[in-house]
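What follows is calculated from the coordinates using simple rules that are stated; it is not laboratory data. The structure displayed is predicted, hence computed values, not measured ones. Every residue, glycine among them, receives a Cβ derived from its backbone with ideal geometry; neighbour counts consider all protein chains shown.
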Amino acid sequence: MKVGSSRFLIVGAGFSGLVAAHRLSHAGHHCVVVDKRPHLAGNAHDSHDKAGVLIHNYGPHYFRTNSQRILDYLSAFTGWHPVDYTIQSFTEGKFWPFPINLNTFEELIGKPATTEDFERYLAANRLDIPDPKNSEEVILSQVGPRLYELFFEGYTLKQWKRHPRDLDPSVCGRIPIRTNRDDRYLSETFQALPDKGYTHLLENILADSPNTTLHLNTDFHEAREKFPHDHLIFTGAIDEYFGRKYGPLPYRSLRFEHESFTAAELVPRESISKKTGFWQPAMQVNYPGKDVPFTRIVEIKHATGQKIGATTIVREFPDDWNVSKEPYYPIPAPDAAAAYQKYATLAAAETNTTFIGRLATYRYYNMDQVTGMALVAAEKLIKRFA
Ligand code: FAD
Ligand code: UDP
């Protein structure tokens, strides 16, 4: 085989697949990327809807990272639109600042307070759990029962159809809790959206990948026969790859309900949204209550900064998964990890296939993390196939 001229078949045209193709193609390899969907960018796909609004088709995607390396890599393909991602929670009939911060505490007690007041409240209410073992304990050990029940218990039950005590601490533990007035949803050092969207970013990565072809509407099984290859990179669901021989892994799916409004239709809502041209007061409002079946309403125009009179909101309904639905979320829980481990053992023995990404490694990863994973995997493969 010639140095640097191997043939890679890459299943999945999301961040993982396209970043891997980009690096491999620059090392002289030939890459065929396939995706069963009619578009690239995977779950990060964004597009303009009928109202002309740029929406995130598969739920809100807030790019953030602490990694300068990943930021430098992606910045070659996009400019950035800085956003302080701020959201609210709607429960007990009113909007609350969320994630929990000093403003939330003031809303709770109905009067102004200081950081010291809030810290005293937390010291008196949080449960003494030195080493939280699940998502219930991780929140109770920080804020106590009242705030846990108000914001976390109902939302998590709806989202995962599991009690927080049956989920890893990392699930609810990723939501910051602050005693100052910092109300940003995320804590990473860099928080911004690609200025022309994720689809555009990934199109630019593909355009800079020599000897790479993309075949949409193409399933793995068809591609495997059609495109001879020296190595396969798989970014789909790991249990699907192995024909679900140990049974399907558990996933959580979602259903999205879109609703668009013209500028004229938005006028009566101005007292709620305060900002002209918006339907709700923030880019995301969470609904932890049992009274509604959805978990959140996203109005991404707040974050994208798109200048357009119309707006679109998306209600997100958690959904039971079956093989005919999208497996949006691997379940971060010990029983699911044990089920995955069986497939991971098979994967480790599969020397001609590399498994990367959220579904192939069955991990609740963000976009920056899968980008990092793809960069590392590509480096290894470049050495191996040099
Ligand atoms: P994917 O984007 O899932 O891409 C895999 C691709 O493989 C898909 O396009 C799929 O069609 C294709 N595929 C699968 N099986 C086959 C097959 N058999 N044949 C052909 N093609 C196949 N991350 C953040 O950083 N910030 C966020 O705010 C954020 N919010 C999220 C919100 C939601 C609702 C969801 C579901 C995820 C969110 N994420 C967020 C995570 C983010 O979507 C992932 O980290 C990222 O998209 C993973 O990229 P990937 O390439 O590994 O997988
Ligand atoms: N969560 C919650 N209440 C909220 C927001 C989040 O209980 O108002 C929990 C819930 O279990 C959720 C997890 O924290 O799945 C992580 O939230 P995030 O918003 O990061 O979820 P994602 O955007 O990945 O769906």
The set of residues whose placed amide H lies less than 5 Å from the amide H of Ser47, leaving out same-chain residues fewer than 5 positions away, is Ile55, Asn57
For the stretch 51-61, in order, what is each residue's ³J(HN,Hα) by Karplus, 6.51 cos²θ - 1.76 cosθ + 1.60 with θ = phi - 60°, in whole Hz (x at glycine and Pro)?
7, x, 8, 6, 10, 8, 5, 10, x, x, 10
Looks like the stretch 273-326, by Cα gyration tensor root eigenvalues a ≥ b ≥ c and the a/c under 1.5 rounded cutoff (else prolate when a/b is bigger than b/c, oblate otherwise), is oblate
Can you give me the pair-distance distribution of the stretch 25-117, C-alpha pairs, 5 Å bins, whole percents?
2, 9, 10, 14, 15, 13, 12, 9, 7, 3, 3, 2, 1
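Any idea what the relative contact order of the stretch 205-302 is, in percent, if you count C-alpha pairs under 8 Å spaced at least 6 apart?
Answer for the stretch 205-302 is 12 percent.
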Given a cut-off of under 8 Å on Cα pairs at least six residues apart, what relative contact order in percent is computed for the chain?
26 percent
Could I have the simple spin-label model distance between Lys36 and His81, label points 7 Å from Cα toward Cβ, reported in nm to one decimal?
3.2 nm
Tell me, what HN-Hα J-couplings in whole Hz come from the Karplus equation 6.51 cos²θ - 1.76 cosθ + 1.60 at θ = phi - 60° for each residue of the stretch 229-235, using x for Gly and Pro?
8, 8, 8, 10, 10, 10, 10
Using alpha-carbon coordinates, inclination of helix 198-207 to the longest axis of the chain, degrees
20 degrees
Share of alpha-carbon pairs per 20 Å distance bin for the chain, given as whole %:
26, 55, 18, 1
Length-normalised contact order of the stretch 60-139 in % [C-alpha pairs under 8 Å, at least 6 apart]
12 percent
Zone residues, the stretch 303-335, relative to Arg224, backbone N less than 16 Å from point 7 Å out along Cα-to-Cβ:
none
With just the Cα atoms defining each centre, how far is the stretch 56-104 from the stretch 117-146? Give it in Å.
25 Å
Using alpha carbons only, how many degrees (0 to 90, rounded to 10) separate the axis of helix 115-125 from the longest principal axis of the chain?
80 degrees
For Leu157 and Arg120, extending 7 Å from Cα along the Cα-Cβ vector and measuring point to point gives, in nm, a value of 3.3 nm
Mean Cβ count within 10 Å, highest first, over the residues of peptides 12-23, 329-340, 108-119:
12-23, 329-340, 108-119
Restricted to the chain, the DSSP antiparallel beta bridge percent, nearest 5, is 65 percent
Would you kindly derive the ³J(HN,Hα) couplings of the stretch 87-92 from the backbone phi angles with the Karplus curve 6.51 cos²θ - 1.76 cosθ + 1.60 (θ = phi - 60°), listing them in order in whole Hz, with x for Gly and Pro?
10, 9, 10, 10, 7, 6
Suppose we take every Cα in the stretch 47-172 and form the convex hull; what volume per residue is that in Å³?
186 Å³
Burial ordering of Phe317, Phe152, Phe261, fewest other beta-carbon atoms within 10 Å first:
Phe317, Phe261, Phe152
Specify the inter-centroid distance of the stretch 338-375 and the stretch 159-199, based on alpha-carbon positions, in whole Å.
22 Å
Quick one: net charge around Gly42, please, counting Lys, Arg +1 and Asp, Glu -1 for every other residue with C-beta under 10 Å from its C-beta.
+1
Under 5 Å from the placed amide H of His81, counting only residues 5+ away or on other chains, we find Leu193, Asp195
Within 10 Å, count the other beta carbons around each residue, average over each peptide in 241-248, 205-212, 293-300, and list them highest first.
293-300, 205-212, 241-248
Using the count of nearby Cβ atoms within 10 Å as a rough guide to exposure, how do Thr345, Thr353, Thr311, Thr65 rank from fewest to most?
Thr345, Thr353, Thr65, Thr311
Taking the stretch 186-322, how much of its Cα-Cα pair set, in percent, is spaced more than 23 angstrom apart?
60 percent
